[in-house]
Each structure stands twice: as structure tokens, then as C-alpha cells.
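Take a look at the structure below.
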Amino acid sequence: MLILETDQHFKIYKPYGFLSQFVNNEQRRKKSKKLLGELFNFPEGSMAAGRLDFDSEGLLMVTTCGKFSYQITSTGIEKEYYVQVDGEITNEAIEKLKKGVEISINGEKYSTLACQVQTLDVPPKLPERAKKIRDERHGPTSWISITLTEGKFRQVKKMTAVVGFPTLRLVRYRVGNLTIGQMKSGEVEPINKNEL
């Protein structure tokens, strides 16, 4: 892909409670929602390359290049998520997720593609979330890693719910070869051309 010298790219650790956009298109409903522009003084023409839900966190790219944005969202680049689920996930549920499950997209049935799924025995070291997940008295939780090459609306949350383990926290850890590494929530870093 041709990347112009004038194009600028950034990676953000998108915090919980932020919309993956710069302009509030639905003023009334989203008036109190925070936007990406509150995190950093991005250059004019910046856009999010892909999105994360309001209540999801982690790696999000921002770019001034429409072609780069399209490549991130539309070309089957791997995206890895760390997912905290309700309950101690079973091997059976993991196998179902790996093979693909049937979820609903816009009221239509959709079978997800086969993907990589594994349990994370030690919870990942992530920044504390602005809103507490829940109290341990409500039962055990477990962590898994899911790596997808597609990205349907709320796909990971729908997938874990279908196998009986609803998502409590969702953090995108990696897109292609870029990761959040040791980034703090809300942190923004420029991406240099070599990293791409």
C-alpha cells in the first residue's frame, strides 16, 4: 500500500466510555459521550480506522489516510482481543468459538469464521477500567484471547454470549503487528512508517 509522507497515523489505548469518532452525529442521544478528539490534538482530517464500542477498550488506530483506514477494516488483518467472561469458560465453549458460531447481525443469522481462541491462565496486565466490572462475590470470571480476521458489529460479545459466557470486559490488544504493549488508558502514540 502506498503511504504518503504527509499521512499521519496514531495508535490510541481507547478508554472505556469513549466513542470511536471525532464528530457527534447524534447530538441529543450522545450529548454526554466523550469523543476521540478529547484525548489528543489530532491533525485535521483525522479518522478512526475501525471502531470499538463505547464500553470496549484498547487499541484503536487514527489516521489521515482513507486508504489506510480501509485496509485496517476491510482486508482480513488479524485483530486480537482479550476478553473477560462471566464464569469459568469450558473447553467445549472454546472449541465452539474456534469453529465459528451462529450470531445475529441486523436481524439475520450469520456464521462467524473459524478463529483462534485460547484461555489466558493469568489475567492480562491491563490498566484499571474507569467503571468497575463487578464484585468477586458475583462468582468467578475467566479470560480468553480471541483473534479474528473479520469484525461484525459487537461480534465478540455476541460470540461469547452464544456459548454461554457473556463478555464482562473487552480489550483489543493487537491489530496486525501493532499492540497496546504497556500503553496506559487514554494514551496516544504516533506510528512511524516502519511499524506499518
Would you mind calculating the relative contact order of the range 79-175 from Cα pairs under 8 angstrom and at least 6 residues apart, reporting the percent as a whole number?
51 percent
Among the lysines, select those whose C-alpha is under 16 Å from the C-alpha of Lys193, and discard any that sit fewer than 8 residues away in the same chain.
Lys11, Lys67
Cα centroid distance between the range 119-165 and the range 44-78, in Å?
21 Å
Starting from the Cα of Lys132, draw a straight line to each of the lysines and keep only those under 21 Å, dropping any in the same chain fewer than 8 residues away.
Lys14, Lys33, Lys34, Lys157, Lys184
Virtual spin-label span in nm between Tyr110 and Tyr70, 7 Å along Cα→Cβ:
2.1 nm
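Sort 102-113, 162-173, 39-50 by packing, meaning the average of other beta carbons within 10 Å per residue, with the highest value first.
162-173, 39-50, 102-113
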Hey, what did the chain get for relative contact order, percent, Cα under 8 Å, at least 6 apart?
31 percent
Over all directions, the average projected area of the alpha-carbon convex hull for the range 79-175 comes to how many nm²?
6.5 nm²
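FRET efficiency for His138 and Thr6, Cβ-Cβ distance as r, R0 = 41 Å, nearest 0.05?
Values: r = 51 Å, r/R0 = 1.24.
It comes to 0.20.
Any read-out appearing in this document is the output of simple, stated calculations on the displayed coordinates, not a laboratory observation. Computed from a prediction, not measured in an experiment: that's the story for all the values here. Cβ coordinates were reconstructed from backbone atoms using ideal geometry, including for glycine residues, and neighbour counts include every protein chain displayed.
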